[in-house]
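Since the structure comes first, as structure tokens, the remarks are kept for the end.
The numbers here are math on the coordinates, done by the rules we state, and not lab data. Bear in mind the structure is a predicted one, so any value in this text is a computation, not a measurement. Note: ideal-geometry Cβ built from the backbone for every residue, glycine included; neighbour counts use all protein chains shown.
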């Protein structure tokens, strides 16, 4: 049970505080309700480029990192299709330093043309390092626009292509800040051995005077229901064929999310899962295979992925894949198998909840989705699931007409 | 009288006052010696449900040929005369346990994670499977096949190519330079793996770490099981450096980036210069505000990231800089790195920068000591070098004492460009 307090400042900043008496450290997590899905289709990769610029100095503080490091702390951030999340971990006695830094960059950034120029180059190198200069690195750049045709999940956080990053202007960057970076669009979470009264006072001190701004009303194009199987094959310089069967699944808070999560663990498990036992062990079609979910806020993807064995073809695999999926749909999971999955989730969650940073990030994310309470109550949603519900859901999910298949063929 | 609710910050230019870290407590685990002679280290007082057991075996990749060590680690609990790999996995699933095996050059470390009331049950399953392992041919063939496929993917990565060449050249003429080659997979030998398993695992238990709020009965049950191993560790072979120097480039057609590794032989924690050199290394390249990051990423935009590190094992340590840069800026990156070495040799580190790095290192040490898992890892890092927790008190004292003159002297001694091994790929 992760206990927490919650309050909201007059400017709209939502604040969560979780007291952890055993630690000498403090975590300050600031989540902004902006991700790649909020970008314009002609200016993709912006939310992520912007995350880099957030470390380039703010109105009153020329350098973000140096004061934090001098306080014994460190900081980082990540951008997803849904959110941008910043965090600072530092010795508890220097909590003020993190609040001072975070509040100043929420108030106003100090963009310089040089900072934009350099971070543009850094992001282009990141694009190369992670997506272009790796075997199979661009798989998701290809899979997204295949699975999503209207919704902005059709591009990756790094962007559709390098050109959008190359073309970003100072005006674009300023407009993006104004629209998304303000108290009403953020959630601040503090973890450490503090008193609530101290936290209330400090947060008001640093963040209270930041002017409120109207919250941007998100209007995303909904993804129309997929009615036909989609397939795309690309050629790359890779040693073996790779495949990605992506099925549309529910939104993050829908019942379908929990069902899909359990189902992916069940069928994707190495050694015991049906995908492994049938397609790898029995038929020797693949050298590796697994299943996982993307878990995005809007409609996500349930992905079955792996690599083909040499001398095996995508056609052979596909011919074997659908009967295996039919088997999953037709056969109800045993009660004991379901209990094992739940117990494994409990173990994983207990380890995850150990980490202060993980608690801070999850409290913030759940508060954004619905309520930070979910961190404590979500397990119950898994425990209520029955084997017949799982079977019914598998029948709905693993439908070929809702599947997008990307195949990467060796050149 | 009530206090005003709170006043808004008056001048945002003024940084809040910083409070130094006065004290860090380093807490040793409970230590017992098993009747086979191996040590058992236990940490409790977690106040949560988690637990883990970590077994260290003398079965690292440099203890035999690396292929045998790697395959043995991959097949440790993949079938006995009476149970298949799948049955064992299902039994572990039934108690909600996870495990992983990580292989370094010196050790194979097996870690089992479970809720505390399931850990003993999970370990019993694991223990029986490990002791009765028969390495079924079918499992071996499949693992060889999968590993070979994965290896082919690795060989396309410039970072993999550069790292391997760097290790081969730096550790030339030693067992640490032996690496698995693609063609090796053909000669995977089941009998050899079985012999390795008996010698390096069943007879080669080095030590055990346990974390979790476990009862004394559970602890005794663990001790009894663990006594089944032998603690016959091979005599450590002497290690002598014969490193290569100079630059080697591995061309990869069509690469957009080059992976770079630049380094030289150094030392581990047992050396008197280690703590002071850690400060120098941090200034140069081991934190976000480091000179390499500030210059090569934040000023020039040549890379997504660049860092310098001290890599250690019980016999030696080395210094290495790693990065991936655009192919067209590779040579310029070399010049900038050389420039940063020379700057550390010719100019004293400014007081403000030195003080910042000292505070940063103290903060990071405080974080590394936070919580039972972290504290045990910190302990393990010194124990394996034959040191104890007093090392950290010394480390703190030396960090506080080191001055710009000492750092300059170290830069002159250890950061000479012409003594570096320079590898690039891509």
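If the segment from residue B:22 to residue B:194 were pulled out straight at 0.36 nm per residue, it would be longer than the present Cα-Cα gap by 56.7 nm.
Rg/Rh for the range B:30-226 (Cα atoms only, Rh after Kirkwood) is 1.00. Our note on the geometry: Cα centres of the range B:1-66 and the range A:63-97, 19 Å apart.
Pop the C-beta distance of residue A:40 and residue A:318 into the FRET formula with R0 = 22 Å and round what comes out to the nearest 0.05. Computed FRET efficiency for residue A:40 and residue A:318 comes out at 0.05. Partner shielding of B:354-362 amounts to 4, given as the average count of beta-carbon atoms from other chains within 10 Å of each residue beta-carbon. Would you mind checking the tilt of helix B:158-170 against the longest principal axis of the Cα atoms of chain B, expressed as 0 to 90 degrees and rounded to 10? Orientation of helix B:158-170: about 90 degrees from the principal axis. Stokes-Einstein at 4 °C, 1.567 mPa s, Kirkwood radius from Cα pairs: D for the range B:86-158 in µm² s⁻¹? Estimated via Stokes-Einstein, D reaches 90 µm²/s. Annotation: extensible slack from residue B:228 through residue B:111 equals 40.3 nm (criterion: 0.36 nm per residue apart, minus Cα-Cα distance). Semi-axis lengths, largest first, of the ellipsoid equivalent to the range B:362-415 are 26, 13, 10 Å, with √(5λ) applied to each eigenvalue of the Cα gyration tensor. Counting only alpha carbon atoms, the long axis of helix B:85-94 and the longest principal axis of chain B meet at about 70°.
Note on A:174, A:37, A:6: ascending count of other Cβ atoms within 10 Å places them as A:174, A:6, A:37, the fewest first. Note on B:291-301: average number of Cβ atoms from other chains within 10 Å of each residue's Cβ is 3. In terms of its C-alpha gyration tensor, chain B has an oblate overall shape, because the principal axis ratio a/c (a ≥ b ≥ c, square roots of the eigenvalues) is not below 1.5 and a/b does not outweigh b/c. Label zone (residue A:212, point 7 Å along Cα-to-C-beta; backbone nitrogen cut-off 20 Å) within the range A:169-192: A:178-189. Between residue B:348 and residue B:394, the C-beta separation translates, for a Förster distance of 25 Å, into a calculated FRET efficiency of about 0.55.
When B:417, B:42 are arranged by Cβ crowding within 10 Å, least crowded first, meaning fewest neighbours, the order is B:417, B:42. The range A:277-403 has equivalent-ellipsoid semi-axes of 32, 18, 15 Å, by the square roots of 5 times the alpha carbon gyration tensor eigenvalues, sorted largest first. Extents of the range B:329-426, taken as max minus min of Cα coordinates on every principal axis and listed largest first, are 45, 36, 23 Å. Mind running the shape call on the range B:27-136? Use the C-alpha gyration tensor, a ≥ b ≥ c as the square roots of the eigenvalues: rounded below 1.5 for a/c, prolate if a/b tops b/c, oblate otherwise. Oblate. Suppose R0 equals 45 Å; then what is the FRET efficiency for residue B:154 and residue B:30 from their Cβ-Cβ distance, rounded to the nearest 0.05? E between residue B:154 and residue B:30, to the nearest 0.05, is 0.65. Between the range A:335-356 and the range B:73-104, the C-alpha centres lie 18 angstrom from each other.
When each of A:131, B:405 is scored by the number of other beta-carbon atoms lying within 10 Å, the sequence from fewest to most is B:405, A:131. Let me know the shape class of the range B:246-425, please: from the alpha-carbon gyration tensor, a ≥ b ≥ c as square roots of the eigenvalues, rounded when a/c is under 1.5, otherwise prolate if a/b is greater than b/c, or oblate. Note, shape of the range B:246-425 comes out prolate. Binning at 20 Å from 0, report for the protein assembly as shown what percent of all alpha-carbon pair distances ends up in each bin. With 20 Å bins starting at 0, P(r) equals 13, 45, 38, 3, 0. Tell me the angle of helix B:330-346 to the major Cα principal axis of chain B, expressed in degrees between 0 and 90 and rounded to the nearest ten. Around 70 degrees separate the two axes. Separation of the range A:177-198 from the range A:359-407 is 27 Å, based on Cα centroids. The calculated 222 nm mean residue ellipticity attributable to helices in chain A amounts to -12000 deg cm²/dmol, summing -39500 (n - 2.57) over DSSP H runs of n ≥ 4 and dividing by all residues. At full extension, residue A:237 and residue A:270 could sit 9.2 nm farther apart than now, given 0.36 nm per residue minus the alpha carbon distance. For chain B, the 222 nm mean residue ellipticity estimated from helices alone, with every DSSP H stretch of n ≥ 4 adding -39500 (n - 2.57) and the total spread over all residues, rounds to -12000 deg cm²/dmol. Note on residue A:292 and residue A:411: their simple-model spin labels are 2.7 nm apart, each label 7 Å out from Cα toward Cβ.
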